Structures are given as structure tokens and as C-alpha cells.
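Some notes on the structure that comes next.
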């Protein structure tokens with residue numbers, strides 16, 4: 001399944017604004033990155049995949065059994081390979097995280113009817129660190145809106161400027177601050193600084209709200225998922241260099257004693273001339 005149309009261009013002025021927002025308030029929304037029709041395609045592919053995994057006892061369920069997470073999307077459909085490397089996404093994260101940006105996770109999050117709030121939290125790798133966190137940009141989250149995100153259907157909410165606290169929120173602390181709710185039409189993307197305090201709000205509607213979550217890291221941060229093994233060497237052969245980079249297949253590991261450079265493959269490490 002391919003995306004038929006996308007807004008592939010993002011101006012340098014918009015890149016400047018996105019970077020400024022990520023560093024100051026901690027989030028930025030770009031509307032209509034893909035068309036509503038393409039968002040519907042991705043949504044249906046996500047729901048079909050979630051249903052198959054549920055029947056096979058895979059995936060994970062939380063939020064009073066009303067929120068479903070599907071992991072390792074890159075290995076589960078062409079449409080997800082396209083979205084993880086969408087030019088708007090890559091342009092923003094290269095600006096914020098550096099040219100050598102890699103992917104940490106790419107998952108689906110389906111917030112079902114009646115789902116409660118997700119709870120205020122921070123994202124990986126910050127939740128694995130002891131505070132105070134390092135200053136600067138280490139990681140960022142991409143929330144693909146495959147439905148219209150409305151105030152009532154479980155949208156993402158952020159506490160502006162909370163990423164500057166360089167720690168996780170204490171119990172009850174986030175509720176004392178004014179939150180910003182990310183609402184936008186389907187096909188839009190919410191970009192967030194990985195250290196920002198955020199959660200999904202309750203879904204009080206009768207329909208599931210579907211989003212895709214793509215975490216991107218500086219290359220020095222170990223990814224949360226085992227990204228290099230999500231596609232085989234053969235599957236990656238005709239894929240873009242950008243996708244290979246995102247999956248960690250371009251990262252080099254020096255073996256100076258043997259004058260070798262190693263790279264990850266689907267089964268381990270090798271010394272390819274180019275891959």
C-alpha cells in the first residue's frame with residue numbers, strides 16, 4: 001500500500017519556527033502533512049494490523065484495556081516505511097537532532113472509546129535517566145494524527161516549557177500547570193521535545209482515535225526498539241539510504257585492533273563495503 005500524495009516540501013522559515021518551538025515551548029504542529037485520504041489509508045492499515053495482532057495475542061493493552069499499542073511497525077507494512085521517513089519529519093528532526101538522526105521506535109497507539117487519561121509522563125530515554133537530565137536536544141516524538149484530534153477523543157496534551165525542568169513530573173505536579181491540547185485535522189503531525197511532560201486525554205467519544213508514534217534520537221542514544229532487525233538485509237536492499245540510516249544500519253563500530261569497521265545486519269555484525 002502506497003501513499004498517493006503528500007506535502008513533501010517544508011520551507012526554511014517553517015523549519016526555523018519548528019525548531020524554535022521545540023526548544024522554547026517544547027512542541028510544534030504541522031497540519032495536513034499528508035492528505036485526509038492518505039491518513040485514512042494509514043488508519044485502516046493500522047486497525048487491520050491491530051486486529052490481527054489481538055487475535056494472535058500480540059501487542060500490548062493498557063488504560064483499563066482500552067488503549068492498544070502495536071510495536072515494530074516498520075516490519076509490518078510499506079505504508080509505515082514511508083511515514084517513518086517522510087521528508088517533513090526528516091527535515092525537522094535533522095534540524096533539531098542532527099544529520100545523523102536515527103529512529104528509536106515507530107508504533108501505533110489506538111485510544112479506544114472510554115479510554116482514560118494516559119497519565120503525565122516523559123518519553124524514552126529520559127524516563128531511563130536519573131535527573132537532572134542533560135540540557136539540549138537528545139530525542140523527539142512524532143505523533144501522526146490519523147484521525148482528527150479533537151478535545152474529546154483522546155488527543156495529546158503537553159505542559160508548555162516543562163522540558164526545561166530536566167526531570168519527570170512529581171505526582172500531582174503537572175495538574176497545577178496549564179496544559180496545551182494538540183488538536184488538528186487528520187494527516188497532521190505533532191512534534192514534541194522528548195523531555196516534555198505529556199499524556200493522552202480521555203476519549204469520551206464512541207470512536208477510536210488512531211495515532212502513530214515515531215521517536216527519533218541523536219545517534220549516540222541507544223534506541224528503545226531493536227530497529228536494525230525490523231527489516232531483513234534482502235528487504236532493505238532496494239530501500240532508501242534514509243531508511244537504512246533510521247534503522248541504524250549506517251552506524252559504524254570501530255575495531256581498531258583489526259582495522260575493521262562493523263555495521264549491524266539482520267543477524268549480527270558484518271563489514272560490508274556499502275549497505
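Overview of values
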item	result
Qualifying positions in segment 251-275 - touching a strand residue (DSSP E or B) at 6+ places or on another chain (Cβ under 8 Å) and either in a helix (DSSP H, G or I) or in contact (Cβ under 8 Å) with a residue 40 or more places away in the chain (or both)	251, 275
Given (1) more than 20 Å from the chain's Cα centre (by Cα); (2) within 20 Å of residue 24 (Cβ to Cβ), number of the condition residue 143 does not satisfy	(1)
The one condition in (1) modelled with pLDDT of 95 or more; (2) outside any loop (DSSP other than H, G, I, E, B); (3) touching a strand residue (DSSP E or B) at 6+ places or on another chain (Cβ under 9 Å); (4) under 18 Å from residue 102 (Cα atoms) that residue 199 fails to fulfil	(4)
Failed condition for residue 242, given (1) in a strand (DSSP E or B); (2) over 15 Å from residue 140 (Cα atoms)	(1)
Residue match in segment 247-255 (condition: under 14 Å from the mean Cα position of the chain (by Cα), under 26 Å from residue 160 (Cα atoms), at pLDDT 95 or above and surrounded by 12 or more Cβ atoms within 10 Å (Cβ to Cβ))	no
Residue that is farthest from residue 238 (Cα to Cα) [pool: residues in segment 51-83 that are touching a helix residue (DSSP H, G or I) at 6+ places or on another chain (Cβ under 6 Å) and without any contact (Cβ under 8 Å) to a residue 60 or more places away in the chain]	68
Sole exception among (1) crowded, with 18+ Cβ neighbours inside 10 Å; (2) more than 23 Å from the chain's Cα centre (by Cα); (3) not in a strand (DSSP E or B) for residue 205, by number	(1)
Among (1) buried (at least 19 other Cβ atoms within 10 Å of the Cβ); (2) farther than 28 Å from residue 137 by Cβ - the single one residue 231 does not satisfy	(2)
Number of the condition not met by residue 128 [criteria: (1) free of Cβ contacts under 8 Å to residues at least 24 places away in the same chain; (2) closer than 24 Å to residue 77 by Cβ]	(2)
Test: residue in segment 223-237 that is closer than 30 Å to residue 159 by Cβ, assigned to a strand (DSSP E or B) and at pLDDT 95 or above	no
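The values are calculated or read from the model by the stated rules, or taken from the named source; none is laboratory data. What you see is a predicted model; the values in this text were computed from it and never measured. A quick note on method: Cβ atoms are made from the backbone with ideal geometry, for glycine too, and the neighbour counts reach across all protein chains shown.
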